[in-house]
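**Student:** Just dropping this structure here.
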Amino acid sequence: VTYKTNAFSMLAEKFPDTDRLLVEIFSWDDLKKAVAAGIKHPMPSFLWGDNALEQILEAKRSYGVKFLAVHTSQVEINSALMKTLSSLGFIIYAFSSNNTDFVKEKLGGNIIFGSYTDFWEPKNSRFNCPTKDHCRTY
């Protein structure tokens, strides 16, 4: 997962396998730019307002969005919406889950497909951070 950049043309040109590239997108304008630059799998993280379902369906219609990024706090707050989106075929990644139990509980179920954070150890299936000061993400 590549995020926090809007160098969409460079990513589309330089990334070795763009079919495997997910790019987190932070605005409608950047979504339009990313798709125009050749990003095959934009992953909006800005569609979680009052009209979330309507906005997400519009992003799918207009830009082919099928991957979504959502903060872990929103997974809990909007669990019914997450289940609806999963049933509609959206692939949801939760970010900033510095919590082993959250990832183990939600990952691979019918809510989120994947998770990304700063200190997750896939080998050990756990969250691990060198110091507490470094573990504050979002």
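The values are calculated or read from the model by the stated rules, or taken from the named source; none is laboratory data. Quick caveat: nothing in here was measured; it's all calculated off a predicted structure. Here Cβ is always computed from backbone atoms with ideal geometry, including for glycine, and neighbour counts include all displayed protein chains. The accessibility values were calculated without ligands, DNA or RNA, using every heavy atom of the protein model including side chains. Shrake-Rupley method; radii C 1.70, N 1.55, O 1.52, S 1.80 Å.
**Student:** Using alpha carbon centroids, what distance separates the stretch 71-127 and the stretch 1-69, in Å?
**Tutor:** 18 Å
**Student:** Moving on. On the first, second and third principal axes, largest extent first, how far apart are the outermost C-alpha atoms of the stretch 8-72 in Å?
**Tutor:** Ordered largest first, the stretch 8-72 gives principal extents of 37, 25, 16 Å.
**Student:** Of the listed values [x] 1.09; [y] 0.97; [z] 1.07, grab the one calculated as Rg/Rh (Cα atoms, Kirkwood Rh) from the structure here.
**Tutor:** For Rg/Rh (Cα atoms, Kirkwood Rh), the calculated option is [y].
**Student:** Under a plain spin-label model, where a point goes 7 Å from the Cα along Cα-to-Cβ, how far apart in nm are C129 and F46?
**Tutor:** For C129 paired with F46, the spin-label model returns 2.7 nm.
**Student:** Where only protein heavy atoms count, and the probe is 1.4 Å, what is the accessible area per residue for the chain in Å²? Walk me through the numbers before you get to the answer.
**Tutor:** Values: 7960 Å² over 138 residues.
Per residue, the chain has 58 Å² of solvent-accessible surface.
**Student:** Divide, for the stretch 56-108, the radius of gyration over alpha carbons by 2.2 N^0.38 Å, where N is the residue count.
**Tutor:** Relative to the rule-of-thumb radius for its length, the stretch 56-108 sits at 1.17.
**Student:** Can you compute the modelled spin-label distance between D19 and S96, with each label point 7 Å from Cα toward Cβ, in nm?
**Tutor:** 3.4 nm
**Student:** Same structure, new question: Measure off, as a whole percent, the carbon and sulfur share of the 1.4 Å-probe accessible area of the chain, all protein chains present.
**Tutor:** Taking all protein chains in place, the chain shows 49 percent carbon and sulfur surface.
**Student:** Given G49, S27, Q74, which one lies farthest toward the positive end of the charge dipole of the stretch 1-107, if we put +1 on the Cβ of every Lys and Arg and -1 on the Cβ of every Asp and Glu?
**Tutor:** S27
**Student:** Please turn the phi angles of the stretch 46-63 into ³J(HN,Hα) values with the Karplus equation 6.51 cos²θ - 1.76 cosθ + 1.60 (θ = phi - 60°), one per residue in order, whole Hz, x for glycine and proline.
**Tutor:** 10, 9, 10, x, 4, 9, 4, 4, 4, 5, 5, 5, 5, 4, 5, 4, 7, 10
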